[in-house]
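The values are calculated or read from the model by the stated rules, or taken from the named source; none is laboratory data. Because the structure is predicted, anything quoted here is derived from the model rather than measured. Positions of Cβ are backbone-derived with ideal geometry, glycine not excepted, and every protein chain shown enters the neighbour counts. Ligands, DNA and RNA are stripped out before the accessible areas are found, and what is left, the full protein with its side chains, is counted by its heavy atoms. Shrake-Rupley method; radii C 1.70, N 1.55, O 1.52, S 1.80 Å.
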Amino acid sequence: MKYISTRGGISPISFSDAIMMGLATDGGLIIPEKIPDVTDKLGSWSALAYPDLAREILSIFVGDDIPPEDLTRIVQTSYATFSHPETVPLVDIGDIHILELFHGPSLAFKDIALQFLGNLFEYILDHRHGHLNILGATSGDTGSAAIYGVRGKKNMKIFILHPFQRVSPVQERQMTTVLDENVFNIAIEGSFDDGQRIIKSIFNDLDFKDQYHLGAVNSVNWARVAAQVVYYFYAALRVTATTSTEKVRVCVPTGNFGNVFAGYIALKMGAPISKLILATNENQILSRFFNSGVYRRDEVYATISPSMDIQVASNFERYLYYRVGENAPTLTSMMEMFADTGELKLTNCTGTTGIDDQFIAGSSNTAETLQTIRSLFNDSGYLSDPHTAVGISVARKHLKKDEPTVCLATAHPAKFDGAIERALGKNEAHHPSIDKLKTLPTRCVVLPATEEAIREHMVYNI
Ligand SMILES: *Cc1c(COP(=O)(O)O)cnc(C)c1O
């Protein structure tokens with residue numbers, strides 16, 4: 001399989017080249033030349049354990065770029081770090097099936113993709129005798145998942161910026177207790193936006209980027225989408241089998257459109273999914289789009305589901321590309337218009353009654369989300385994190401008789417114990433790996449929020 005850009009400016013490249021490129025060099029996002037149709041494989045996939053299903057699906061995206069036995073090893077290694085024997089267990093609560101994606105090392109769903117990406121980078125670099133210095137900024141969850149994906153790996157260093165004393169204590173400790181030599185935690189005396197601005201500016205210096213082999217792990221990397229496609233198949237195949245139904249709905253709490261975009265690809269590949277239910281918190285740019293066709297930037301509101309406090313969703317461009325009929329020039333002009341005006345509108349939705357028949361979209365505000373955590377816990381004893389609860393809250397408004405609903409659980413509740421305490425009046429959320437963090441030594445430097453300070457620190461340590 002070969003890969004191209006949504007903006008049409010790169011000639012087809014291999015899987016490994018696509019992964020190393022990250023963001024397409026023409027400013028677009030990388031996508032496969034053609035989305036594979038796997039409907040004839042569903043029967044043979046339905047009983048596979050998670051790592052085996054992952055190998056089957058990822059081998060389609062990898063093509064003949066990595067020998068099958070090597071890919072098997074990379075996939076097995078990536079999911080061996082998950083603490084649950086089923087990797088991503090399904091838990092039934094009445095009419096909702098919860099798919100727990102948080103049993104990886106950082107206790108959030110991002111581990112599914114970043115454990116794989118870390119091993120993939122290591123493999124590719126080993127074969128190319130190359131090395132990579134990963135640079136990223138985080139407001140919380142992505143940083144720890146990226147650090148856990150890369151720690152201790154050969155030929156790689158990772159530099160993660162977080163805003164000093166502005167991430168939660170758990171999030172901070174998850175990052176700074178990693179003492180591996182190739183991990184560099186940098187607390188900047190500024191905001192998350194300062195961090196984003198600094199790394200963007202460093203990445204835009206192409207000479208510096210080349211000289212120091214800089215790479216990114218943010219959610220635009222195609223390997224992250226590919227790894228996330230797997231659990232949509234896993235859940236849909238299991239739940240349709242156990243409930244003797246044809247298709248399921250899948251509800252996804254959404255920020256950057258990375259997770260739910262993988263669901264869209266799974267649906268296009270032939271997974272037995274009837275609809276994707278997209279759930280947002282008070283930051284409603286995406287739910288508004290799917291209900292009105294208008295994609296408009298707004299200010300960012302801070303909520304109890306901080307990993308979804310995002311306005312401009314970086315993966316949305318990929319979706320839009322398919323919605324405009326895989327037309328790169330049209331897509332490019334729409335993205336340019338959005339960059340200029342902060343707004344774009346999708347017209348000519350031929351063949352659909354709404355904006356997109358494959359999506360239902362809604363949002364859950366803080367009061368509704370807290371109420372969902374509370375009622376779930378009181379009625380069934382299930383404790384959900386606030387991101388997951390946004391999804392469950394929206395899903396409950398769209399339940400359909402005779403069609404099961406799967407809700408994706410994106411984080412362990414102990415990561416967001418402040419919200420749990422607010423919902424229940426006491427903290428019921430614990431996890432041994434988080435309790436343990438309190439006593440571990442930490443390493444982190446505090447630097448001014450300037451590009452110069454960050455560059456200097458990197459150059460010194462590379
Ligand atoms: C990142 C994250 C999300 C949002 O995922 P997107 O791919 O950005 O839509 C939701 N929940 C948790 C816990 C996260 O860490």
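With the requirement that a residue be of a type in the set (S, T, Y), modelled with pLDDT of 95 or more and open to solvent by less than 20 Å² (accessible area, probe 1.4 Å), what does the stretch 255-302 give you?
Our first condition is that a residue be of a type in the set (S, T, Y); within the stretch 255-302, this holds for 264, 274, 280, 287, 292, 295, 301.
Within this subset, residues satisfying the condition of being modelled with pLDDT of 95 or more are 264, 274, 280.
Hits for the stretch 255-302 are Y264, T280.
Looking at (1) in a helix (DSSP H, G or I); (2) buried (at least 21 other Cβ atoms within 10 Å of the Cβ), find the lone condition where S201 falls short.
The failed condition is (2).
Quick one: is T87 within 16 Å of the ligand (Cβ to nearest atom), of a type in the set (S, T, N, Q), under 24 Å from N315 (Cβ atoms) and crowded, with 21+ Cβ neighbours inside 10 Å? Break it down stepwise before answering.
Values: within 16 Å of the ligand (Cβ to nearest atom): no; of a type in the set (S, T, N, Q): yes; under 24 Å from N315 (Cβ atoms): yes; crowded, with 21+ Cβ neighbours inside 10 Å: yes.
Here the answer is no, as T87 does not meet what is asked.
State which residue is nearest to the ligand (Cβ to nearest atom) when the search covers only the stretch 242-271 and only residues that are in contact (Cβ under 8 Å) with a residue 12 or more places away in the chain and β-branched (V, I, T). First the steps, then the outcome.
Start the filter on the stretch 242-271 by keeping residues that are in contact (Cβ under 8 Å) with a residue 12 or more places away in the chain, which leaves 243, 245-271.
Still in the running and β-branched (V, I, T): 243, 245, 248, 250, 252, 254, 260, 265.
On the way: T243: 26, T245: 26, V248: 19, V250: 13, V252: 7, T254: 4, V260: 6, I265: 13 Å.
Here the residue is T254.
Using beta carbons and a limit of 8 Å, which pairs, at least six apart or on different chains, have the first residue in the stretch 447-462 and among the charged types (D, E, K, R) and the second one part of a helix (DSSP H, G or I)?
What qualifies is E451/I198; E451/S201; E451/I202; R455/I202; R455/F208.
Does R318 satisfy the criteria of being within 16 Å of the ligand (Cβ to nearest atom), basic (K, R) and either within 29 Å of S139 (Cβ to Cβ) or surrounded by fewer than 18 Cβ atoms within 10 Å (Cβ to Cβ) (or both)?
Numbers: within 16 Å of the ligand (Cβ to nearest atom): yes; basic (K, R): yes; either within 29 Å of S139 (Cβ to Cβ) or surrounded by fewer than 18 Cβ atoms within 10 Å (Cβ to Cβ) (or both): yes.
Against the criterion (within 16 Å of the ligand (Cβ to nearest atom), basic (K, R) and either within 29 Å of S139 (Cβ to Cβ) or surrounded by fewer than 18 Cβ atoms within 10 Å (Cβ to Cβ) (or both)), R318 qualifies.
Output yes when any residue across the stretch 152-170 is part of a helix (DSSP H, G or I) and farther than 16 Å from Y231 by Cα, and no when none is. Show your work before the answer.
Residues of the stretch 152-170 part of a helix (DSSP H, G or I): 169-170.
Next, only the ones that are farther than 16 Å from Y231 by Cα stay: 169-170.
Yes: the stretch 152-170 contains one or more residues that are part of a helix (DSSP H, G or I) and farther than 16 Å from Y231 by Cα.
If you take the residues of the stretch 128-151 that are within 14 Å of the ligand (Cβ to nearest atom) and assigned to a loop (DSSP other than H, G, I, E, B), which of them is most open to solvent (accessible area, probe 1.4 Å)?
Step by step, filter the stretch 128-151, then rank; the result is S139.
Could you say which residue among I420, I392 is within 13 Å of the ligand (Cβ to nearest atom) and either acidic (D, E) or part of a helix (DSSP H, G or I) (or both)? It would help to see each step written out before you state the result.
Details: I420 fails: within 13 Å of the ligand (Cβ to nearest atom).
The match here is I392.
Does the stretch 425-443 contain at least one residue that is open to solvent by 60 Å² or more (accessible area, probe 1.4 Å), under 20 Å from P306 (Cα atoms), under 24 Å from the mean Cα position of the chain (by Cα) and without any contact (Cβ under 8 Å) to a residue 24 or more places away in the chain?
Yes, that holds for at least one residue.
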